[in-house]
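The values are calculated or read from the model by the stated rules, or taken from the named source; none is laboratory data. Since we're looking at a predicted model, the values are computed, not measured. All Cβ positions, glycine included, derive from the backbone under ideal geometry; neighbour counts span all protein chains shown. These area figures cover heavy atoms from the full protein model, side chains too; ligands, DNA and RNA do not enter into them. Shrake-Rupley method; radii C 1.70, N 1.55, O 1.52, S 1.80 Å.
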Amino acid sequence: MSWFLLVCALVAGEIDQLGWLAGHWKGKLGKAVSEEVWMEPAGGAMVGMSRIVAGERMAMFEYMRVEQRPDGVYFVAQPLGRPATSFKLTKREGQKVVFENPEHDHPKVITYELAGPGKLVAAIEGEVKGKLVRQEFRFERVER
């Protein structure tokens with residue numbers, strides 16, 4: 001096996017362990033509806049997008065990806081299409097992953113956990129005005 005094929009196989013294997021995140025997820029956030037859609041792992045990466053719709057208005061959207069880099073796996077967020085911010089995978093336990101960027105203003109930690117069949121919990125946390133703030137997004141799998 002060539003060096004290139006070996007590296008591709010190792011990269012794909014690590015990202016493939018996050019395949020449980022793939023799919024269309026939908027949940028309530030107060031009176032708003034929050035959605036995330038994640039593509040299956042391929043080529044050492046997963047690509048996702050999210051939006052929050054309040055009434056008839058899209059209040060928020062974000063482009064996301066999880067990618068393998070030479071020094072680890074990263075969650076990359078682009079809220080409202082802004083420049084990317086990377087969060088390094090620091091913990092993986094079964095179907096729970098934690099990504100962190102202690103240098104970022106907020107959030108500093110992003111967590112995803114498969115919390116039962118067809119149930120996903122995503123959370124962001126960090127300090128806001130000196131207080132630790134955690135916001136959870138509870139989703140159910142949507143079949144399309």
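Which residue is farthest from Lys28 (Cα to Cα), if the candidates are limited to the range 118-134 and must be open to solvent by 60 Å² or more (accessible area, probe 1.4 Å) and modelled with pLDDT of 95 or more?
Arg134
If I filter the range 17-40 for residues that are assigned to a strand (DSSP E or B), of a type in the set (Asp, Glu) and open to solvent by less than 40 Å² (accessible area, probe 1.4 Å), do I get at least one hit?
Checking the range 17-40: at least one residue is assigned to a strand (DSSP E or B), of a type in the set (Asp, Glu) and open to solvent by less than 40 Å² (accessible area, probe 1.4 Å).
Tell me, which strands (runs of 3 or more DSSP E) wholly within the range 51-138 include 3 or more residues that are of a type outside the set (A, V, I, L, M, F, W, C)?
57-69, 72-79, 85-93, 109-114, 119-128
Against the definition (more than 24 Å from His24 (Cβ to Cβ) and modelled with pLDDT under 95), how does Gly94 come out, yes or no?
no
Tell me whether the range 47-61 contains one or more residues that are of a type in the set (Ser, Thr, Tyr), open to solvent by less than 60 Å² (accessible area, probe 1.4 Å) and closer than 19 Å to His24 by Cβ.
Within the range 47-61 (the criterion being of a type in the set (Ser, Thr, Tyr), open to solvent by less than 60 Å² (accessible area, probe 1.4 Å) and closer than 19 Å to His24 by Cβ), the answer is yes, since at least one residue qualifies.
Could you please find all residues in the range 84-131 being farther than 19 Å from Val73 by Cβ and within 11 Å of the chain's Cα centre (by Cα)?
Listed by number, the list holds a single entry, Val121.
When you go through Val97, Val66 one by one, which is the residue that is in contact (Cβ under 8 Å) with a residue 60 or more places away in the chain, crowded, with 17+ Cβ neighbours inside 10 Å and not polar (S, T, N, Q)?
Criteria check complete, one pass: Val97.
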